[in-house]
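Chemist: Below is one structure. I have some questions about it.
Read-outs throughout are calculated quantities, based only on the coordinates presented, and are distinct from any laboratory measurement. Source: prediction; values computed, not measured. With ideal geometry, Cβ positions are generated from the backbone for all residues, glycine too; neighbour counts draw on all protein chains shown.
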Amino acid sequence: MYQERGVVWNDISRGYDSEDPNNKANVELKGEGVTVTVVDSGFNNPTVARDIQNKFGLRGTILNTGRYAPADATHGIQVAEMVGGNTANGVAPRVNLLLADITRVNADGSSGLLATADIYQQLWNRGARIFNQSYGISKQVTYFNDNPRSAYYYGHQFNQDILDFYTDAVDKGGLFVWTAGNNRGERESSPQAALPYFETQLEKGWLSVVALAARDNGRLGDFSWSNLLPYSQAGLAKNWTVFAMGDYVFNVKGSNYIASGSSFAAPAVTGTAALVKQKYPWMDGNLIKQSILTTATDIGARGVDDVYGWGLLDVEKAMKGPARFDSRITLGEDVNVTIPQGSYAFENDISGDVGLVKNGQGELVLTGASSFTGDTTLNEGAITINGKSYGSAVNVGRNGTLVANSTVLSNGVSNDGVVVNNGNTVIENGYAASANSTLVSSLDSRLSVKGGVVLNNSTLVLTAEKDGQAQYITAKGVTTEAITSDSEINGEFGIVETTTGLLNAIVNKTAENVVAATLSRQNVETFVANSEARDAMTESVASNLESSFSALYRQIDANNAENSTAFAQDAALLQNSLAAVSAGQTAVLDSLSGQIYASAQALTFQNAETVNKDFTNRLSMLGSLNNAETVNKDFTNRLSMLGSLNNADNTVGVWVSGIYGNGKLKESSFGEGKTKTYAGQIGFDKLVSDNFILGTAVNHSTADVDFNRYGGKSDAKGVGVSLYGRWSDKNAPWYLQGRVGYGWVDSDVERTIILDSNNSSTAKINHKDKVISGYLETGYDFKQGNFTFTPYIGVSHDVVKRGAFSETNSQFGLTADKATYQQASGLAGVRMSQAINFESGVKTTLQGYVNH
C-alpha cells in the first residue's frame, strides 16, 4: 500500500500510469461485433454531424427519438467518444453504437434529459444489451425514501413503465451503466445510479461509476496520482460501484478542451463492458459486471468501501474474466456460467465466497489459482483447471468433463461424469466415482488421492498422450500408476478401455492403495485382419507398418530413441488414428499404400504408346496392353497397309495419327485409377527396294491417372522415336516386319499421406524413366481383289528403366532407387483390310484386327 498525498493505493500487482490511468493501452480487443447504446443529448444536433461522422463513421447509428438538441448540446458526443470513438479516448473503437438523443427542450428554452420506455425498447429491439447513461438527478439517493405517501418517494422520479423495462432487461441479461454524480464531498450517488437500493432486483445488471478527477479546475490535465480526488462517493451503492478517470481531452467542432466529470468515467466502463462482451460473447450483464468490479484496483480503505466501492477500473485485467466469485455481486447465489460452445479462459486468480455452476457444451479454462470457497457444479461441457490449486469441492455431473492438468484439488471430487487427469494431480478430501463415471488417465499421469478412493466399478480410459502430445507405444508396453491413495482403495474399475483399438490396456492393483495400468501395442497385421477394413491393400499396408513399428521398437530398446524422435512422433499419431480402422474407415491406411507407384508401370507403358488407328481398338486394349505393344500395332497396321496394297508406286509415305482416350486401372481390393491419354505420332517411310520398306516415327503422349482411396495422381509426359521396317515379296504372301523404339517419360506424382485428422502432408515427386521396345511379327496375306485377310504372330520385348525418387515431406514417405522392369510377350491374331478406290483417284482403306 502506498499513499501520495491523497487516495490510498493498495494493489502492489499494478502500478499507476498517468498516461494510461484506466490501464487499457495493451488491450488488443476493439469491440467488434458488440452493440452498445448511449442514451444522452446532442446526437440530433446538425452542428455536430461532422464530428459524429469523424468519430464513429458507419458504426454510429442515430435512433429516431423525435427529439432535437440545441446547437450547444455536445455532451453525448463526448460520452460516445469515450465508449467507442476512433480517437485515443475510445475504449472500444470498433464497437457498434446506437445513439439515442433524449434531449427535452422546455417552454422557457431550457433543456434537460428524459428517457422513455419506448426509446429503451427500440434500442433493445435493435440489439443493445449494454446501456450507458451519463446523466442523473443532482440529489443524493438518501434524499429520497421508499414511502409511496411521501413527497420524497423515489418512485416519483421514475415512470413505472421505465422501471418495468429495467427489470425485464436485467432479467434478460442487460447491463445499465450510470454516472454517480459530480458533487465532490457528497457521500452518496444519484438515485439513478443507486436505484437498486430501492429496486433490489436491478442490482445484478446495474453499475454506478464515480470519477477520479483533478483536485481543482486549475490543475485540469495533470493526471498524476497525487492530483486526483473523487467526485461523489459510492455510499449505499458501493457493491455495484467502480471508479474511473474523469478528465479527458476532447475535440468537438474543431476545438480542443479538457472536460471533467463522472459523465466521462461511466463510458470508459461501458467501453470496457463491450470488450468483455466481445471476448466472452455468452456473458450476460451480471457476468460482465463481475469481470469489471472484481478486477478493479483496490484504492482507499481496503476491500469494498463506502468511498471507492470496488476500486479503480483496470481494463486489461477485466479482459481476463472475474477475479472473485462474490456474494455481494451474485446476491448470495453461485456464479452461473453457460457456454454454448467453444473454449474460453478465465485467466485471473479467483477468490470469493460463492461457488461456480457450469452449463452448456463449451469449455471453461481456469488458468489461475482458484480459492473461492463455494462448490463447483459441473453440469455440462468441460472445466479445465490449469492453475496450481483449486479450493472448491467439485461435483461432476453426468454430462460434465473435468480436466485437471497437474493441479491440487483441495476439497474433493465427486464424479458422475468424466474426470481427465493429465500430469500429476492431487485430490484432497477424497475421490468418489459413480458406476456411470469415467476416469481418463494419460501416459505417465498419476492421480494421488488423500482422504479415500471409491471406484464403484467405474470406467478407466487410458490414453497414449503425455503433456498433450501423442506418444508411441511399443509392443512391450508402458506401465504407470493410474491412481494412488493414502488409504486402501475401495472397489475397482469395472471397465478398462483405450482411446484406440490398436492398444491393449491391463489394470492391476499392485498394492491395496495403488492401481497400475499397462499400455501396449497390438500387432498391426492382426489388428487390421480382424477389422472391417480388411482387404488386400490394407493388409499389405499393415504388414509394412508392422515392420516399421518393429524397427522403431528395436531402436528404442537399444536406447537409440534420439535418432528416431521425429519418426516416433509421427508413429504415435498414426497409432492413435488407426482406431478408426476397426469401424471400416480406411483413409489412413489407404493413404499409406503407395499404390500409385505399383500401378505407375502400366501408366508408363501407356505413355510410350501411339495407339491403334481407331478409338475402339485403343480403348479395348487400354489397361491390358503395355505401351510398347500398342506402338508396335500402330506401326504394324501402317506397314501392313503399305505392303499388302502394293503401294510401290508411292515409294515415300508420310503419315500422322492422333488419339484421345480415357479408361480405368482397376484391380480387386485396390484403389481404382481413372486415366486420360492424349497422343500423337508422325512417321516417314520409304520403299527402299522391291521387297523392303523402312521408316521412322516420332511420338508424343500425355497420360494422367487419378486414384480414389487416397491413392494419389500422376501426370506422365513421354517422347519416343522408332525405326520400323517390313520385308515382303510381291510374289509371295509371307512378310516379316518389326520395330525398335526408345522413349523418355517424365512423371510427376502427388499423393496425400494422412497420419490423423489434423496431420497430413502432400508428397510431390518427379521421376524420369526410359523405355526400350522391340517388336517382330510375321504373317501370311490371303488376298481377294482389294480385300486382304492376314493371320499373324508376333513377339515383343519391352524394358522400362524407372528413375529414383524420394518422398521427403513425411516420416512415412516412400523412397526408391532406380529400378528396371522387363516384359516379354507373344501374340497371335488376324487382320482384315478392304481398299476402296474412287473415280477421283482417292483411295480409302478400312482395316481391323483381332489378336490375343
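Chemist: May I ask for the angle, rounded to the nearest 10°, between helix 75-84 and the longest principal axis of the chain, with both axes built from Cα atoms and the value confined to 0 to 90°?
Modeler: 40 degrees
Chemist: Could you tell me which residue out of Leu99, Asn759, Gly785 lies farthest along the dipole of the chain toward its positive end? Charges go on the beta carbon: Lys and Arg +1, Asp and Glu -1, centred on the Cα centre.
Modeler: About the Cα centre, the residue reaching furthest to the positive side is Gly785.
Chemist: If neighbour count is taken as other Cβ atoms inside 10 Å, put Glu777, Glu839 in order from fewest to most.
Modeler: Least to most surrounded, the residues fall as Glu839, Glu777.
Chemist: Once the Cα atoms of helix 536-557 and of the chain are each reduced to a long axis, what angle between those two axes, in degrees from 0 to 90 to the nearest 10, is obtained?
Modeler: The two axes meet at around 60 degrees.
Chemist: Round to the nearest 10 and give me the degree value, 0 to 90, for the angle of helix 262-279's Cα axis relative to the longest principal axis of the chain.
Modeler: 30 degrees
Chemist: A follow-up question, please. Tell me the mean residue ellipticity at 222 nm calculated for the chain from its helices only (DSSP H runs of n ≥ 4, each -39500 (n - 2.57), averaged over every residue, nearest 500). Numbers along the way, then the final one.
Modeler: Working: 15 runs with 159 residues, N = 852.
Only helices count here, giving -5500 deg cm²/dmol.
Chemist: Next question. Might you report the magnitude of the Cβ-based charge dipole of the stretch 1-321 about its Cα centre, with Lys and Arg at +1 and Asp and Glu at -1, to the nearest 20 debye?
Modeler: 400 debye
Chemist: For a quick check of your reading of the filter: which trypsin sites (Lys or Arg not before Pro) in the stretch 707-816 sit in a DSSP loop and have no more than 14 other Cβ atoms within 10 Å?
Modeler: Details: sites: Arg709, Lys713, Lys717, Arg726, Lys730, Arg739, Arg751, Lys764, Lys768, Lys770, Lys783, Lys801, Arg802; in loops: Arg709, Lys730.
Counting only loop positions with at most 14 other Cβ atoms within 10 Å, the trypsin sites (Lys or Arg not before Pro) in the stretch 707-816 are Lys730.
Chemist: Roughly what % antiparallel, to the nearest 5, for the DSSP beta bridges in the chain?
Modeler: 60 percent
Chemist: Quick check on my link table: of Lys24/Lys279; Lys358/Lys466; Lys450/Lys509, which ones sit more than 23 Å apart, alpha carbon to alpha carbon? Each step should come with its number before you reach the end.
Modeler: Details: Lys24/Lys279 15 Å; Lys358/Lys466 27 Å; Lys450/Lys509 17 Å.
As for pairs spanning more than 23 Å Cα to Cα, those are Lys358/Lys466.
Chemist: Shifting gears a bit: Relative to the Cα centre, what is the charge dipole magnitude of the chain, using +1 at the beta carbon of each Lys and Arg, -1 at the beta carbon of each Asp and Glu, and rounding to the nearest 20 debye?
Modeler: Rounded to the nearest 20 debye, it is 2120 debye.
Chemist: State the Cα centre-to-centre distance between the stretch 232-280 and the stretch 156-226 in whole Å.
Modeler: 11 Å
Chemist: Most exposed first by the Cβ proxy, i.e. fewest other Cβ within 10 Å, how do Ser255, Ser761 rank?
Modeler: With the sparsest Cβ surroundings first, the list reads Ser255, Ser761.
Chemist: What's the center-to-center distance, using Cα atoms, between the stretch 81-153 and the stretch 1-78 in Å?
Modeler: The stretch 81-153 and the stretch 1-78 have Cα centres spaced 14 Å from each other.
Chemist: Sorting His767, His156 on the 10 Å Cβ count, fewest up front, what's the list? Write down the numbers at each step before the final one.
Modeler: On the way: His767 22, His156 11.
Lowest to highest Cβ neighbour count: His156, His767.
Chemist: If you work out Rg and Dmax of the Cα atoms in Å from the coordinates, which of (i) 34.0, 104; (ii) 42.3, 138; (iii) 30.7, 104 do you get?
Modeler: (ii)
Chemist: Can you give me the Cα centroid spacing of the stretch 291-340 and the stretch 375-396 in angstrom?
Modeler: Using only Cα atoms, the two centres lie 20 Å from each other.
Chemist: Roughly what would the spin-label model give for Ile495 and Asp20, points 7 Å off Cα along C-beta, in nm?
Modeler: Going from the Ile495 label point to the Asp20 one covers 5.2 nm.
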